[in-house]
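Visitor: My questions all concern the structure below.
Each reported figure results from applying straightforward, stated rules to the coordinates on display, with no laboratory input. Since we're looking at a predicted model, the values are computed, not measured. A quick note on method: Cβ atoms are made from the backbone with ideal geometry, for glycine too, and the neighbour counts reach across all protein chains shown.
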Amino acid sequence: MAPKSLLFFFSTLILLLPVSLQSYKPSAAHTELTEYGFPIGLLPSSVRSYSINKTSGDFHVDLGGSCKITLPPDNYLATYSKRITGKIVSGRIAELDGIRVRALFKWWSITGIRSTGEDLVFEVGMVTAKYPSKNFDETPACEGKHSAS
């Protein structure tokens, strides 16, 4: 009787697991990020399409709409426009447009990101902030729509 009870318990538990705990298959855009030395968590899971010019590095990523996420580890609120553009080469994203972060009661545009392997350096104009890359190993889901993109 005990083995049947355990089997029923585990079967029920598996059925009740939330969707967020089920595996997420990264999009081609997320996979492309890793080819340039970046973690997949820099883009939300709502990627619909993307395009990259392998010669110039110019890219654009189209999301299903604008969204907001909370960036680790300091829980900064970030907004993503429905289209993100920039230039990417190995270890560097420049001319970035479409991602903003709220800090010190103001919205700031992230203009570039550098990967040093274990760390990511985010550029906001002349100011930079460094965070461990491992904080961005998982692709975040959009928390909701944001109207001021």
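Visitor: Quick check: net charge around ARG114, other residues with Cβ under 14 Å of its Cβ, Lys/Arg +1 and Asp/Glu -1?
Guide: That works out to -1.
Visitor: Still on this model: List the residues whose amide H sits under 5 Å from the amide H of TYR50, counting only those 5 or more places along or on another chain, with H placed 1.01 Å from N in the peptide plane.
Guide: ASP62
Visitor: Mind checking the alpha-carbon convex hull of the stretch 90-149 and giving the volume per residue in Å³?
Guide: 111 Å³
Visitor: Of all trypsin sites (Lys or Arg not before Pro) in the stretch 23-127, which ones are in loop regions per DSSP and have a Cβ with at most 13 other Cβ atoms within 10 Å?
Guide: Hits after loop and neighbour filter: LYS54.
Visitor: Sticking with this structure for a sec: Modelling each spin label as a point 7 Å along the Cα-to-Cβ direction, I'd like the LEU77/ASP137 distance in nm, to one decimal.
Guide: In this crude label model, LEU77 to ASP137 measures out at 2.9 nm.
Visitor: Grab the stretch 27-136 and count how many Lys pairs have their alpha-carbon atoms under 24 Å apart, sequence gap of 8 or more, or different chains.
Guide: 11
Visitor: Something else about it: Please list the radius of gyration and Dmax for the stretch 27-136, considering alpha-carbon atoms only, with Å as the unit.
Guide: Here Rg and the maximum Cα pair distance are 12.8, 39 Å.
Visitor: Related question: Suppose R0 equals 30 Å; then what is the FRET efficiency for THR70 and TYR36 from their Cβ-Cβ distance, rounded to the nearest 0.05? Please list the in-between numbers first.
Guide: Working: r = 24 Å, r/R0 = 0.81.
According to the calculation, E is roughly 0.80.
Visitor: Taking neighbour counts of Cβ atoms within 10 Å as a proxy for exposure, in what order, fewest first, do TYR76, TYR50 appear?
Guide: Ordered from fewest to most neighbouring Cβ atoms within 10 Å, TYR76, TYR50 come out as TYR76, TYR50.
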